[in-house]
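One structure is given below, encoded as structure tokens.
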Amino acid sequence: MMTRHGLWALTALIIAGALASGTGVTAAPTETVFRVWMVGDARSLDPAVAADFPSGSSAFLMHLRLVASDATGKIHPMGARSWTVTGGGLVYTFDLDPRAKFHSGKPVTAADWKWTLDRVAQPETGSGAAQSLLGGIIGFGAVRGGATRSLAGVRVVNPTTLQIALDPDGRGGFLNRIGSYQLGVLNREEVEAGGRDWADKGVAGAGPFKLARWERNVKFVFAANKDYFLGAPKVDTLELVIAPSAVTRLNLYDAGQLDLTDVPLADFRRVSGDSQYGNQLKIFPRAQSLFLGLNGPVYEPFRDIRVRRAFAQAVDRERIARTVFLGFYAPAYGIAPPQIAGADKNLKVLPYNPDAAKKLLAESGWAGRMPPLEMAINPAAPDYQMVAEAVAAMWKETLGIDVRLQRQEFAAYRAALNRRNVFPSFMQGWTATLLDFSIYLDQLLDSRSGLNFANYKNADVDKLIDQANSARSESEREGFYRQAEQIAMNDAALVPVVFTRWAVLVKPYVRGFEGSPLSLGWTDLNGIEVRR
Amino acid sequence: MASRFAASLARYALYRIGLTLPLLLGAALLIFFAGRLAPGDPVAIRLGDHYDEKAALAIKKQLGLDQPIWAQFVRYITGAVRGDFGESFISPGRRISGIVRQTLPLSLRLTVLAVGSAAVLGLTLGIIGSISVRSAWDRALQVLVVVALSVPNFVVAALLVLVFALWLRTLPVAGISGWQSYVLPVVVLAIAPTAYITRISRTSMLQVMAEDYVRTARSKGLARPRIIFRHVLRNAALPIVTTVGLAFGYTLTGSFIVEVIFNIPGMARVGVEGILQRDYTVIQAVVLIYTSLFIFVNLVVDLSYALFNPRIRY
């Protein structure tokens, strides 16, 4: 039996041990490891169903796409080394790179691509992005409706040639869409042999990184695919450290347990003024716009275009960008951010004009008899709340309207937003998953879209979007989109407020990091070097 | 005599276990409907910004969410009885049993360490307070107890991280990577229960010390430690044991915050994420398991009374 003295001695020993052994963090390994933040655990490693940031990022790293786009949206070869477009712009023939191999060593063939695309289209796969990514391919409707399991428009010509035929009405932005991380090629054998939880095993990929370990809710450890045919990554190991709390992530960075992390908006001012970070703080644009939705079917006054315009003209976006976001965010002059190829930098959004706003409201006959107005706020990020508070104050100041801000939990907010008949007005953001106009125009402003949360309806806009989707050239397509966006802005369909930016901290020993404006997935991390 | 006692104890234990069954069924019912009645659904979360009616319907069908609510409840209960909570609604293909296996041991380890250290430290401080009543030590202890009970654990956590992880760099900021990473979360979880056990131990000890038999023991010339540990502590044990049992419940609920702050991949964090994402099957499993644990600890506490007080019979 241990004596009392013995117990004290043991306690002292334990404390001394704790103090002597330092942080408990393993010493710098000899292999190069790059440690990056991740906001949560991935829901699935099946790229087809990736709809959250962690799943999207993992898919981006592990899987090979037909084509890829850089941070400016420029398309370049990846799984396909080149492609030709025939049939009046409707038939794409991809010459596949014969060097491409799955992580298992099996060569990637046209049959694998066809199987992957068919699988994403099949409704039981549960891919929400299928419609927007593959909707333009001939035969998509038949697969979606369950009549067949094979996309008629996707044809294997030979093992290294894949042909995709498009519906004339849905050809727009095809290369951008087909390069999405959700369409990463999968090794059919591994998927079918892996059972229902095949994706959890991190198999079936052909991308630059392979999953080495997935410690649930702790981290992902990816090993560089040394045989990656486009050049092996320069780090041996990539760790995505899962830390849902932004404060914890910053602490981990400060303590040297992360090499790259995001800077929460609340800490931006402190971090940017703190000399210890020197030039570790990097800022780059993010293809995200924050906007207000004015929902006519739910709130009667918003059915009158004059009321919507009055509300739009009472928003001083320059002041919000300058004073609320201290110049970190830029005023938004359109719904599509400037990183979208062809986005109209000279778009004429309804300008801030309090006198015009008051006049419009008076003309509408609603002045002084507006029913109480509620604005729902997306609770996902603090900046939504900041915009909503500023806008509510401006509406009160200019139009004399009392707005009750309604902040609720994300799941409840999202379900109500999807129903589209709950919120009279809402504060929402939209981040590009592809640098393509369709993400904003087709999804948010087309009256036939399930994501048109404000129930905006204008036949001219729908028609222009159709024309854009059937345009024969990208420049022609962009022209249609720009016209559609201008009409929607004149109608105050949505009221854009600010375009956001990313702020990250990168350790000085990390080279080659370039930010991506996309919401899901990183810029290629193949070029990252860690020289401690 | 001993066998009769054992038999009555076993009978009582069986009776109490029998009582827990309707309790668990009621809890299961409540957990199921509370989850379903809350606005929001897992399909909307799963599809996120790619929400599409057709895809949503297909997923609902796969998850069985298109079936009547009573059919879903029956499926849940029949599964739960067999210990099968099905699959996560948010992470396709992920079995709940796997999640529990991965996360429960860690959460239990944290809880047991926190309750164990709180019990040892709280009892020690309580004894010190009771034998040095109204001294400077005792008064300082009283102040500390009030402070420890008043400061919320997320504030304590932030302060400890600042001092030990960022300034002194002696302990890790977050995560579980070695025994050092247990120190801060266990301390944060243990602070309030320690204070509570200290207070109850001190009060209970003081009450017993005023009893006649203690005076008799003292007048017989028994050594002080013998009086304290033999006579006083044993008779003061009942409220202390009860408090330790309650501390277990407090620590279980506290872990919902502490696991998030310290980025610990335990079951409470999975539960929090499950709630935020409306992952019904995860919520049902986590809450039911924690409810069962709490009921079990209370049962153990009840049964332990007889060990401390032979007059208690079941």
Give all pairs with beta carbons closer than 8 Å in which a residue from the range A:485-501 that is under 17 Å from A:Ile439 (Cβ atoms) and hydroxyl-bearing (Ser, Thr, Tyr) meets a residue that is modelled with pLDDT under 95 and part of a helix (DSSP H, G or I); count only pairs at least 6 apart in sequence or on separate chains. A:Thr500/A:Asp383
Does the range A:469-478 include one or more residues that are within 14 Å of chain B (Cβ to nearest Cβ) and touching a residue at least 60 places away in the same chain (Cβ under 8 Å)? no
Flagged in the range B:167-179 as surrounded by fewer than 20 Cβ atoms within 10 Å (Cβ to Cβ) and either in contact (Cβ under 8 Å) with a residue 40 or more places away in the chain or in contact with a helix residue (DSSP H, G or I) (Cβ under 6 Å, 6 or more places away or on another chain) (or both), in numbering order, are B:Thr170
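What number of residues in the range A:372-388 are touching a Leu at 6+ places or on another chain (Cβ under 7 Å) and surrounded by 14 or more Cβ atoms within 10 Å (Cβ to Cβ)? Talk me through it step by step, then tell me what you get.
Restricting attention to the range A:372-388, the residues satisfying the condition of being touching a Leu at 6+ places or on another chain (Cβ under 7 Å) are A:375, A:377, A:382-384, A:387-388.
Subset that is surrounded by 14 or more Cβ atoms within 10 Å (Cβ to Cβ): A:375, A:377, A:383-384, A:387-388.
Final tally of qualifying residues: 6.
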Kindly provide the set of residues from the range A:233-276 that are closer than 13 Å to B:Leu166 by Cβ, out of contact with any helix residue (DSSP H, G or I) (no Cβ under 7 Å at 6 or more places or on another chain) and touching a residue at least 60 places away in the same chain (Cβ under 8 Å), ordered by number. A:Leu252, A:Tyr253, A:Gly256, A:Gln257
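May I ask you to list the residues in the range A:35-62 that are of a type in the set (Ser, Thr, Tyr) and either surrounded by fewer than 24 Cβ atoms within 10 Å (Cβ to Cβ) or within 11 Å of chain B (Cβ to nearest Cβ) (or both)? Steps first, please.
Our first condition is that a residue be of a type in the set (Ser, Thr, Tyr); within the range A:35-62, this holds for A:44, A:55, A:57-58.
Residues satisfying the conditions are A:Ser44, A:Ser55, A:Ser57.
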Those residues that are of a type in the set (A, V, I, L, M, F, W, C), touching a residue at least 40 places away in the same chain (Cβ under 8 Å) and over 16 Å from B:Ala28 (Cβ atoms), I need them from the range B:45-85; list them, please. B:Ile45
Could you tell me whether B:Ile127 is out of contact with any Asp or Glu (no Cβ under 9 Å at 6 or more places or on another chain), surrounded by 19 or more Cβ atoms within 10 Å (Cβ to Cβ) and within 12 Å of chain A (Cβ to nearest Cβ)? no
From the options B:Ala28, B:Ala34, B:Ala10, B:Ala58, residue that is in contact with an Asp or Glu (Cβ under 8 Å, 6 or more places away or on another chain), aliphatic (A, V, I, L, M) and either within 14 Å of another protein chain (Cβ to nearest Cβ) or in a helix (DSSP H, G or I) (or both): B:Ala58
If A:Thr84 satisfies all but one of (1) in contact with a strand residue (DSSP E or B) (Cβ under 7 Å, 6 or more places away or on another chain); (2) more than 21 Å from A:Phe437 (Cα to Cα); (3) of a type outside the set (A, V, I, L, M); (4) surrounded by 16 or more Cβ atoms within 10 Å (Cβ to Cβ), what's the number of the condition it fails? (4)
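Select, from A:Leu117, A:Leu90, A:Leu96, A:Leu133, the only residue that is modelled with pLDDT under 95 and more than 14 Å from chain B (Cβ to nearest Cβ). Reasoning before the result, please.
Numbers: A:Leu117 fails: modelled with pLDDT under 95; A:Leu96 fails: modelled with pLDDT under 95; A:Leu133 fails: more than 14 Å from chain B (Cβ to nearest Cβ).
The conditions single out A:Leu90.
Are any of the residues in the range A:392-404 surrounded by 15 or more Cβ atoms within 10 Å (Cβ to Cβ) and under 21 Å from the mean Cα position of the chain (by Cα)? Steps first, please.
Start the filter on the range A:392-404 by keeping residues that are surrounded by 15 or more Cβ atoms within 10 Å (Cβ to Cβ), which leaves A:392, A:394-395, A:398-399, A:401, A:403.
Still in the running and under 21 Å from the mean Cα position of the chain (by Cα): none.
The answer is no; no qualifying residue exists.
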Matching option when the condition is away from every other protein chain (no Cβ under 14 Å), in a helix (DSSP H, G or I) and at negative phi, among A:Met394, A:Met375: A:Met394
Looking across the range B:88-108 at residues that are more than 8 Å from chain A (Cβ to nearest Cβ) and crowded, with 21+ Cβ neighbours inside 10 Å, the single one that is farthest from B:Ala285 (Cα to Cα) is B:Ser107
Answer yes if at least one residue in the range A:89-102 is within 15 Å of A:Asn225 (Cα to Cα), among the hydroxyl-bearing types (Ser, Thr, Tyr) and within 27 Å of the chain's Cα centre (by Cα), and no otherwise. no
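Tally time: how many residues in the range B:205-223 are surrounded by fewer than 13 Cβ atoms within 10 Å (Cβ to Cβ) and either touching an Asp or Glu at 6+ places or on another chain (Cβ under 9 Å) or touching a residue at least 12 places away in the same chain (Cβ under 8 Å) (or both)?
1
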Out of the residues in the range B:109-124 that are surrounded by fewer than 22 Cβ atoms within 10 Å (Cβ to Cβ) and touching a residue at least 60 places away in the same chain (Cβ under 8 Å), which is nearest to B:Leu246 (Cα to Cα)? B:Ala119
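Any idea which residue in the range A:213-257 is farthest from the other protein chains (Cβ to nearest Cβ), counting only those that are among the small types (Gly, Ala, Ser) and more than 11 Å from A:Val39 (Cα to Cα)? So that I can check it myself, show each step before the final result.
The first filter runs over the range A:213-257 and keeps only residues among the small types (Gly, Ala, Ser), leaving A:223-224, A:231-232, A:243, A:245-246, A:255-256.
In the following step, the residues that additionally are more than 11 Å from A:Val39 (Cα to Cα) were identified as A:223-224, A:231-232, A:255-256.
Values: A:Ala223: 20, A:Ala224: 23, A:Gly231: 31, A:Ala232: 28, A:Ala255: 5, A:Gly256: 9 Å.
Top of the filtered list is A:Gly231.
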Can you name the residue in the range B:61-96 that is part of a helix (DSSP H, G or I) and of a type in the set (S, T, N, Q) and is also farthest from B:Ile45 (Cα to Cα) among such residues? B:Thr78
Here are some residues: A:Thr125, A:Thr72, A:Thr109. Which one is touching a Lys or Arg at 6+ places or on another chain (Cβ under 9 Å) and closer than 27 Å to A:Ser55 by Cα? A:Thr125
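Output the number of residues of the range B:29-48 satisfying the condition of being at negative phi, buried (at least 19 other Cβ atoms within 10 Å of the Cβ) and over 22 Å from the mean Cα position of the chain (by Cα).
Filtering the range B:29-48 for residues at negative phi gives B:29-39, B:41-47.
Now restrict to residues that are buried (at least 19 other Cβ atoms within 10 Å of the Cβ): B:31-32, B:35, B:41-47.
Retained after the next criterion (residues that are over 22 Å from the mean Cα position of the chain (by Cα)): B:41-47.
Adding up the residues that qualify gives 7.
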For the range A:196-224, give me each residue that is touching a Pro at 6+ places or on another chain (Cβ under 7 Å) and within 18 Å of A:Thr30 (Cα to Cα). A:Ala224
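Residues checked against (1) farther than 16 Å from A:Leu64 by Cβ; (2) within 22 Å of the chain's Cα centre (by Cα):
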residue	(1), (2)
A:Gly205	no, yes
A:Arg216	yes, no
A:Ala224	no, no
A:Pro233	no, no
A:Asp254	yes, no
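Picking from B:Gly254, B:Gly271, which residue would you name as being within 19 Å of the chain's Cα centre (by Cα), in a helix (DSSP H, G or I) and farther than 28 Å from B:Arg139 by Cβ? Give the derivation first.
Numbers: B:Gly254 fails: farther than 28 Å from B:Arg139 by Cβ.
Sole residue among the options that is within 19 Å of the chain's Cα centre (by Cα), in a helix (DSSP H, G or I) and farther than 28 Å from B:Arg139 by Cβ: B:Gly271.
Any chance the range A:352-368 includes a residue that's assigned to a loop (DSSP other than H, G, I, E, B), touching an Asp or Glu at 6+ places or on another chain (Cβ under 6 Å) and either in contact (Cβ under 8 Å) with a residue 40 or more places away in the chain or on the phi > 0 side of the Ramachandran plot (or both)? Explain how you work it out, then say what you get.
Within the range A:352-368, the subset assigned to a loop (DSSP other than H, G, I, E, B) is A:352-353, A:365-368.
The next check asks that each one be touching an Asp or Glu at 6+ places or on another chain (Cβ under 6 Å); those that pass are A:352.
Then keep just the ones that are either in contact (Cβ under 8 Å) with a residue 40 or more places away in the chain or on the phi > 0 side of the Ramachandran plot (or both); that gives none.
No - not one qualifying residue is present in the range A:352-368.
The values are calculated or read from the model by the stated rules, or taken from the named source; none is laboratory data. Computed from a prediction, not measured in an experiment: that's the story for all the values here. Here Cβ is always computed from backbone atoms with ideal geometry, including for glycine, and neighbour counts include all displayed protein chains.
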